[in-house]
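The values are calculated or read from the model by the stated rules, or taken from the named source; none is laboratory data. Every value quoted in this text rests on a predicted model; they were computed, and no experiment measured them. Every residue, glycine as well, gets a Cβ built from its backbone with ideal geometry; the counts of neighbours run over all protein chains shown. Just so you know, the surface numbers come from the protein's heavy atoms only, side chains and all, with ligands and any DNA or RNA stripped out. Shrake-Rupley method; radii C 1.70, N 1.55, O 1.52, S 1.80 Å.
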Amino acid sequence: MFELLLVPKDEFKFRSTVVYLFLVSYGRSKPDQIHLVIPNFLQDVADRNPLIRALAIRTMSYIPTPVVMEALTEPLRHCLKDRDPYVRKTAAICVAKLYAADPRRAEKGGFVEKLRDLMLDTNATVVSNAVAALVEIGDRQDGVIFKLNLTTANRLLTALEESSEWGKVYILDTLLRYVPEKHADAEAMAERIIAQLQHANSAVVLTTIKILLYLMNYMENRRLVDYICKKMGPPLVTLLASGPEVQYVVLRNILLIIQRRPAVLKNDVKVFFCKYNDPIYVKLAKLEIMYRLAREENASEVLSELQEYATEVDIDFVRKAVRSIGRLAIKVEGAADSCIQALLDLIETKVTYVVQETVIVIKDVFRRYPGRYEGIIPKLCEHLDALDESESKAAMIWILGQFSDKIDNVDELLDDLLFHFLEESIEVQLALLTATVKFFVYKSNSDTAKELVHKVLKWATEEIDNPDLRDRGFMYWRMLAISPAVAKEIVLSEKPAITTDSDKMDRGALDQLLLYTGTLGSIYHKNPETFIRNAVGKTLPDSPALNSHSRAVLISMPRPSLPSETVVVRGPGPIEPEAVNDGESNSSPPVPPKASEAEEEEDSTDIMSPVDSQYQTNYGSQDPYANLGGAFSNYLVDAPQPMSSTARQEED
């Protein structure tokens, strides 16, 4: 297989790339033969041509076998000091490959320190590759902790101007490892990198925005923060002119950015109006951003656009548009009347899925503005037969129960809905149970109400297997039997008004997600450690320059490490076999100590593991379960007992 390398090298230099690719592929599948070509690798590493030297060292690092890694150590050390920058930048990436294959060898050989020295190289490409290798090593759970000081960060910023576009991404991403100690340091660094927002590469733009958002947490100058927010808007708008895939990535990142910094795009809501040829995933992402950017000044424009979307042919898009109209009514009080009128117009279309979504959002509007729009309930009741989905039917049943005192024929409507009670979904059954109890509380003297509530309670407690529904039925029945007045106070208690606060992401989680701007985590809106194996999470590091609002919601994420001391586990250890003398074993089974001796031994040698000591430090020495000894004393008859032969025969 490896006879190709016996050809004189001058005759096959032009074939070197193909041969090395062959070696990478078959060297991994047949590691027992790879030692045959190691002399040729070492010969090429000393070649006069820098391309051959770099190709040889790169190929060796791509074959993660022990024999190759051992042979790679010394040539790699020389290549890191090579006079040619192409060889040095290739060797920097090979260090990361060596660390992935054999971390102990890489650390023992001092290669991580040599990468740190390469960060001060005069060639920008070498610097960017050294930074990329250090980041890859630092992102490993067993990797080194990689941090930057101010001097190194400034040197990286100097190399940033001469780097390629991907080198800029590596260097900018590395700046996340610099923690400003002073407000002035963060502000000066932001002013130096803000020019990268004008770059044509979308990855450079998003990475620059990520660094600026990170540095703004350590700034004190509000005018500079506002200026940076103003500068970040146009590049994001420009990126929306790209293809649909890039658009979607940008839109998902914008959705995070505007929650943390609404001023970035507060005047650009029209940019997110959907086009007729946008893919559905782009349209849905734009809808969410339109709602986030809606306010008193632009609510009318957003509403008219949403009304147009509600007449489209795509069902999912129409549902999201109708729901966005209801959310707009809840968010902007001044536009509530216009939104309600728009929803009533949509009901008149008598399109089934439009009517159902309208009923769902109107229920939330009733809770947001109690006593304001109850006049539209009769129109909703006219379309009761069009509701065939669980969520919409449950919303309409909630309206019937909540306003039973204002609907004249509510008894007939509830009676019709209860006709198929046992066949309905759990969501609808729960809504029917609560609505019927509310109707009875409102009109306790009505014979129809008594009949309906008795029927539904009997069904819920005797013919339903779902524990939630059955328990709620028992709870209502006992409340009504003990004290109808108290039941009325509980069932008809004042509901908290719905707000848009639930739509906002937690500030600490948002700051953490913004550290992944431009990555897969910003698209999923999840931290990478939740869906990537062995990924190391990031959090905002604390420092004297961190502003008080960010420090108040700071999320700490300790780096996983091995315990500092030996963990001692109580109990007998494994039985060691004794030495065999003359072919006979004198081992005897261990004799357990007496109870008193065991107690004395435990008292005299109380060895505690770090986990136990931490538990006692945090929660005290008292056992939290000490008082539960007699909690189940009345249920000893239910303890499992061995089955007798007579009982087993009877069961058979």
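In the range 129-240, the portion of solvent-accessible area held by carbon and sulfur atoms comes to 49 percent [1.4 Å probe, whole percent, DNA, RNA and ligands not counted]. Taking label positions 7 Å along the Cα-Cβ direction at both residue 466 and residue 86, the computed distance is 7.0 nm, reported to one decimal.
Remark: accessible surface ordering of 194, 555, 347 (largest first) is 555, 194, 347, probe radius 1.4 Å. Taking the accessible area of the range 445-559, probe 1.4 Å, and keeping the other protein chains in place, the carbon and sulfur fraction comes to 52%. Based on protein heavy atoms only, the range 506-552 ends up with 48 Å² per residue of surface accessible to a 1.4 Å probe. Label the range 386-496 by shape, choosing from rounded, prolate and oblate, from the square roots a ≥ b ≥ c of the eigenvalues of the Cα gyration tensor; if a/c is under 1.5 it is rounded, and otherwise prolate applies when a/b is larger than b/c, oblate when it is not. Rounded, since a/c falls under 1.5.
At the residue level, residue 447 shows approximately 120 square angstrom of accessible surface with a 1.4 angstrom probe and all protein chains present. With 18 Å as the limit on Cα-Cα distance, the pairs of 320/526; 231/538; 438/458 that go past it are 320/526; 231/538. For the range 506-552, just say rounded, prolate or oblate: build the C-alpha gyration tensor, square-root its eigenvalues into a ≥ b ≥ c, call rounded for a/c under 1.5, and beyond that prolate if a/b exceeds b/c, oblate if not. Prolate.
Computed with a 1.4 Å probe over protein heavy atoms only, the accessible surface of the range 386-496 comes to 53 Å² per residue. For residue 311 and residue 444, the difference between the fully extended length at 0.36 nm per residue and the C-alpha to C-alpha distance is 43.5 nm.
Gain on full extension, evaluated as 0.36 nm per residue between residue 381 and residue 422 minus their Cα-Cα distance, stands at 12.5 nm. Multiplying the residue separation of residue 415 and residue 542 by 0.36 nm and removing their Cα-Cα distance gives an extension gain of 39.6 nm. Positive contributions from Lys and Arg (+1) and negative ones from Asp and Glu (-1), summed over other residues with Cβ under 14 Å from the Cβ of residue 102, come out at +2.
Rolled with a 1.4 Å probe across the full set of protein chains, the surface gives residue 74 an accessible area near 100 Å². Once all protein chains are placed together, residue 229 keeps about 10 Å² accessible to a 1.4 angstrom probe.
Label separation (residue 266 vs residue 344): 3.4 nm, computed from points 7 Å beyond Cα along the C-beta direction. For the pair the range 503-526 and the range 165-188, the centres of their Cα atoms are 19 angstrom apart. Ranked by the mean number of other Cβ atoms within 10 Å per residue, highest first, peptides 456-467, 433-444 order as 433-444, 456-467.
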